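Reviewing the structure listed below.
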Amino acid sequence: MAFAPAAAASAIFYTKPSLQGFSRARRATSPSAPFIHLSAKFSGGMPLFAFDVLKNTSSFLPAKPRRNPGVAYATAATEKSIHNFTVKDVDGKDVSLSKFKGKVLLIVNVASQCGLTTSNYSELSHLYEKYKTQGFEILAFPCNQFGGQEPGSNSDIKQFACTRFKAEFPIFEKVDVNGPNTAPIYKFLKSSAGGFLGDLIKWNFEKFLVDKNGKVVERYPPTTSPFQIEKDIQKLLAA
């Protein structure tokens, strides 16, 4: 029974119908390489094939080292730090991020009409109030690329965040975080801490934790609540 790994060793194509059962059996018996199983069947005698995307490619690729708070993981291709960038705030004014040297940063792509909005804004505001005097800053970048859930103007976004959630942390102008118009700061963030399925930001409220030297230390998926990051923030503040 033959099968061939794809060029990138991140997927396997099975071209014989008899191998559909094989892929299910392997998925059930190989905990080191769980699969997401997608299958498509074609009429007219065309073969059924299965496309299995590996969640864990340890069977084919070297294991990815676990990131630890307090350690910078910028890649060789991204020797810059966050402090090298200048961005525009929600009022359209240039802000050099060098002003945040020596501070721990949590950078978040936010949206006003997402199911995660209320919990994230509330928890972000709480963390900011608790740690802002200890050298902690939150940088919020509105983005309308996920379900069109940040459709308002920059002034609308500012009013929403500051009125409804009493947000005091810096809010910047609306940006793209994926695609050809990705903001330079997000190109840097993603190249410094690539996630599962590549560098793409997956949804609203994905988070990057940056140390006092402007290096990305950790990346968190949208479903990770700000409160779950608090211990990592504390470690960097104490470093």
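Only the coordinates and a few stated rules stand behind these numbers; no lab work does. As the structure is a computational prediction, the values presented were derived from the model and not from experiment. For neighbour counting, all protein chains shown are included, and Cβ atoms are generated from backbone atoms with ideal geometry for every residue, glycine included.
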*Run the numbers on segment 82-238 and let me know its relative contact order in percent, using alpha-carbon pairs under 8 Å that are six or more apart.*
30
*Take segment 82-238, drop everything but the C-alpha atoms, weight them equally and run the Debye formula without solvent; then report log10 I(q)/I(0) at 0.15 Å⁻¹ to two decimals.*
-0.73
*asked:* With +1 on the Cβ of every Lys and Arg and -1 on the Cβ of every Asp and Glu, and nothing else charged, how large is the dipole of segment 82-238 about its Cα centre, in debye rounded to the nearest 20?
replied: 340
*Global geometry of segment 119-198, whether rounded, prolate or oblate, following the gyration tensor of its Cα atoms and the 1.5 cut on a/c*: oblate
*asked:* What are the ³J(HN,Hα) couplings of segment 223-239, residue after residue, when phi is run through the Karplus curve with 6.51, -1.76, 1.60 and θ = phi - 60°? Round to Hz, x for glycine and proline.
replied: 7, 7, 6, x, 4, 5, 9, 4, 5, 5, 5, 4, 4, 6, 5, 7, 6
*Would you mind calculating the relative contact order of segment 183-232 from Cα pairs under 8 angstrom and at least 6 residues apart, reporting the percent as a whole number?*
28
*Would you mind checking the pairs LYS99/LYS231; LYS103/LYS158; LYS130/LYS207; LYS80/LYS231; LYS174/LYS235 and listing those with alpha carbons more than 28 angstrom apart?*
LYS174/LYS235
